[in-house]
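The structure appears below as structure tokens.
The values are calculated or read from the model by the stated rules, or taken from the named source; none is laboratory data. Here the structure is a predicted model, which means the values were calculated and not measured. For neighbour counting, all protein chains shown are included, and Cβ atoms are generated from backbone atoms with ideal geometry for every residue, glycine included.
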Amino acid sequence: MIKLYGVPRSRTMRPLWMLEELQVPYENVKVSFINETRTPEFLRRNPNGHIPVLEDGDLLLWESLAINLYLARKYDKGLWPRTPEDEGRAYQWSLWSMTELEEPLLTALLNRTFLPEAQRDAKKADDAAERFKKPLAVLDGALAGTDYLAGKDFTVADLNVASVISWAPLAGLSLDAAPNVQKWVGRCQSRPAFTRLQQKLG
């Protein structure tokens with residue numbers, strides 16, 4: 001059985017969503033990023049000391065969006081793109097979500113929600129909120145006139161980007177300036193797999 005190491009309320013949520021989409025048997029082995037990723041046992045799975053880590057037979061794989069690309073391709077239930085061009089778009093949007101979208105989101109999230117109040121920096125949070133506007137506008141433009149990033153069908157590209165931008169409300173970041181993104185996030189999060197995941201998270 002596939003094992004996914006990590007706690008759900010972290011980047012681990014991304015491959016958990018994918019596993020729910022694929023409906024393959026899996027076990028979520030709860031490993032906290034706070035105090036359990038520096039043990040010798042865990043570092044043998046991921047020498048970087050981060051979650052999530054996927055164990056699928058003899059394969060150990062880390063980096064949440066890479067895990068999703070692998071799962072979507074190996075256990076394809078329609079989420080893997082059908083053409084080389086759309087595969088390229090899936091890689092493009094997955095990498096983009098890490099290089100352009102995640103940093104301002106995460107910075108705002110840490111300084112508005114996650115860090116202890118004494119450690120929060122309001123200036124950093126406000127600066128991150130301002131920087132978030134640019135990738136949000138890029139994404140909104142890409143979704144103009146289309147339901148999903150690779151056309152009419154939901155694919156791993158959508159799941160990967162939506163799982164990153166889903167942090168926006170918690171980070172106090174508004175999507176009001178991006179109506180196409182708002183509708184798209186709604187479509188992505190109304191999928192049965194996402195609903196099942198939310199129910200499991202309680």
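For the reader, a short list of remarks on this structure follows.
- Residue among Arg38, Arg44, Arg82, Arg14 that is in a helix (DSSP H, G or I) and either in the same structural domain as Lys152 (by TED's automatic domain parsing) or out of contact with any helix residue (DSSP H, G or I) (no Cβ under 6 Å at 6 or more places or on another chain) (or both): Arg44
- One residue from Leu16, Leu54 being buried (at least 18 other Cβ atoms within 10 Å of the Cβ) and closer than 21 Å to Arg191 by Cα: Leu16
- Scope region 135-176; condition assigned to a loop (DSSP other than H, G, I, E, B) and over 22 Å from Arg82 (Cβ atoms); matching residues: Ala144, Ser166, Trp167, Ala168, Pro169, Leu170, Ala171, Gly172, Leu173, Ser174, Leu175, Asp176
- Filtered residue count, region 49-70, keeping only those that are touching a strand residue (DSSP E or B) at 6+ places or on another chain (Cβ under 8 Å) and either in contact (Cβ under 8 Å) with a residue 60 or more places away in the chain or within 21 Å of Thr99 (Cα to Cα) (or both): 8
- Only a single item in (1) crowded, with 20+ Cβ neighbours inside 10 Å; (2) assigned to a helix (DSSP H, G or I) is not met by Leu95, and it is number (1).
- Some residue of region 181-193 being in contact (Cβ under 8 Å) with a residue 24 or more places away in the chain and polar (S, T, N, Q): yes
- Residue satisfying condition, being of a type in the set (S, T, N, Q) and either buried (at least 16 other Cβ atoms within 10 Å of the Cβ) or touching a Cys at 6+ places or on another chain (Cβ under 8 Å) (or both), within set Thr113, Thr83, Thr107: Thr107
- Flag: Leu101 matches the condition of being within 13 Å of the chain's Cα centre (by Cα), assigned by TED's automatic domain parsing to the domain that holds Asp126, crowded, with 20+ Cβ neighbours inside 10 Å and not hydroxyl-bearing (Ser, Thr, Tyr).
- Hey, Phe114 in contact with a strand residue (DSSP E or B) (Cβ under 7 Å, 6 or more places away or on another chain) and either closer than 20 Å to Arg11 by Cα or at pLDDT 95 or above (or both) or not: no
- Restricting Val185, Val161, Val156 to residues that are in contact with a Ser or Thr (Cβ under 6 Å, 6 or more places away or on another chain) and within 17 Å of Trp17 (Cβ to Cβ) narrows the list to Val161.
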